[in-house]
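Every read-out reported here was derived from the displayed coordinates using simple, explicitly stated rules and does not represent laboratory data. Predicted model only: the values in this text are computed from it and were never measured. Cβ placement follows ideal geometry from the backbone for every residue including glycine, while neighbour counts extend to all protein chains displayed.
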Amino acid sequence: VILVVALNPALDITHRVDRVDWAGVNRPRAVHISPGGKGLNVARVLHALGTDVLLIGLAGGEVGQGVRAALSAGGVPARFTDTTAETRRTFAVVDAGRGETAIFNEPGPVITGVEYERFLAVFTTEVSRCSAVVLSGSLPRGLPPSTYADLISMAAQAGVPALLDTSGPALTQGAAAGPAVVKPNLAELSAAIGRVLTWRGWTDEDSVGEVATAAAMLRGSASTAVVVTLGAAGLLAVTPEGCWRAVPAPVPGNPTGAGDAALAGLARGLAAGHTWADRIAHAAALGAAAAQAPVAGRFDGSDFDRALAAVGVSRWEARSCR
Ligand SMILES: Nc1ncnc2c1ncn2[C@@H]1O[C@H](COP(=O)(O)OP(=O)(O)OP(=O)(O)O)[C@@H](O)[C@H]1O
Ligand SMILES: [Mg+2]
């Protein structure tokens, strides 16, 4: 079983409007409600791949019930710890006329010490019987930025590799704890090393080398791999076995959730003991398939097959890769 931790899930509500009237009454043409948050996307992709997955986390109130119900309707096994405070909602208003989307993210619940202790009891039980643990997404208020670092250390004590995808201090502290895999995108990596990295394409070897050097800085231990995802350009993996790159065939679409799908591919490959070349090929192809799907956490199997056949994987030689 791959264990996926979602400490700050959400209910994503999307309204589609032909043209938003910001001073009047709007009647959405379509309303879409779906449980969201990065951990949930990862769990859904793993479930769709036929991988055994268990989602654990924190959920509260009526919104939390909505998240649980939607997951169970989708067949994704989940075990949430109750919180008194209400789970957050996100609102997206899609203005079809302008071709723009406004997103409103609620701040989310404040988690109490007692609630987190209850979650930790579940984590301790479940981590001892899983093959890998995925820690993904933001932390809710009330939990310190060391939270993921602590969970990574607990997993390591149980002999279980961890994959981390978050941002800010939770990322830098978590990465320093030496997880098996850290998956930043370029913006998250830039923030973590305190320098803005610009992507100039694979042909600009100096700039690729800079990204590789930055990724190497985030390796908390000799066994940590840092996989930098680069949108349609693919990904660069700085691993204990050298650097690898995966270049997908670029596809048009909605990139939200592509990173979560890529992380699901990395988790599956790690748990199954696949080679790095295989892991990143699957990760890049899943990301591409997810980018083509209209909803985060979903993808079409034939898009995935096509993307996997098209992805190019090769070693990347840079100084920080030796
Ligand atoms: N337009 C695209 N065409 C082809 N592949 C894509 C495209 N967008 C994303 N991918 C694939 O998906 C992977 C992850 O995407 P991306 O780098 O956008 O992640 P991210 O920024 O973490 O996204 P998010 O956090 O919103 O899920 C990329 O490494 C790439 O392989
Ligand atoms: Mg991401």
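Structure notes:
- The mean sequence separation of alpha-carbon pairs under 8 Å and at least six residues apart, normalised by the residue count of the range 213-322, gives a relative contact order of 28 percent.
- The range 213-257: C-alpha gyration tensor shape, a/c 1.5 cut-off, then a/b vs b/c: prolate
- On a per residue basis, the convex hull of the C-alpha atoms belonging to the range 85-198 measures out at 137 Å³.
- Gained length - V110 relative to N254, 0.36 nm times residue gap less alpha-carbon distance: 48.8 nm
- For the chain, the 222 nm mean residue ellipticity estimated from helices alone, with every DSSP H stretch of n ≥ 4 adding -39500 (n - 2.57) and the total spread over all residues, rounds to -11500 deg cm²/dmol.
- Sorting S34, S72 from the fewest to the most surrounding beta carbons within 10 angstrom yields S72, S34.
- If the Kirkwood radius is taken over C-alpha pairs of the chain, then at 20 °C and 1.002 mPa s the Stokes-Einstein diffusion coefficient equals 108 µm²/s.
- Hz values of 3J(HN,Hα) by residue in the range 179-196 - Karplus curve (6.51, -1.76, 1.60), Gly and Pro given as x: x, 5, 9, 10, 10, x, 8, 5, 5, 5, 5, 4, 4, 5, 9, x, 8, 6
- When the Gaussian network model of the chain links Cα atoms closer than 10 Å, the mean-square fluctuations of G312, G142, G287 top out at G142.
- Long-range HN-HN contacts of A6 with modeled amide H, under 5 Å: I56, G57, L58
- Backbone HN-Hα couplings from phi across the range 262-273 [Karplus 6.51/-1.76/1.60, Hz, Gly and Pro as x]: 4, 5, 4, x, 5, 5, 5, x, 5, 5, 8, x
- Inter-part distance where the range 176-214 and the range 102-149 are each reduced to a Cα centre, Å: 26
- Multiplying the residue separation of S223 and A272 by 0.36 nm and removing their Cα-Cα distance gives an extension gain of 15.9 nm.
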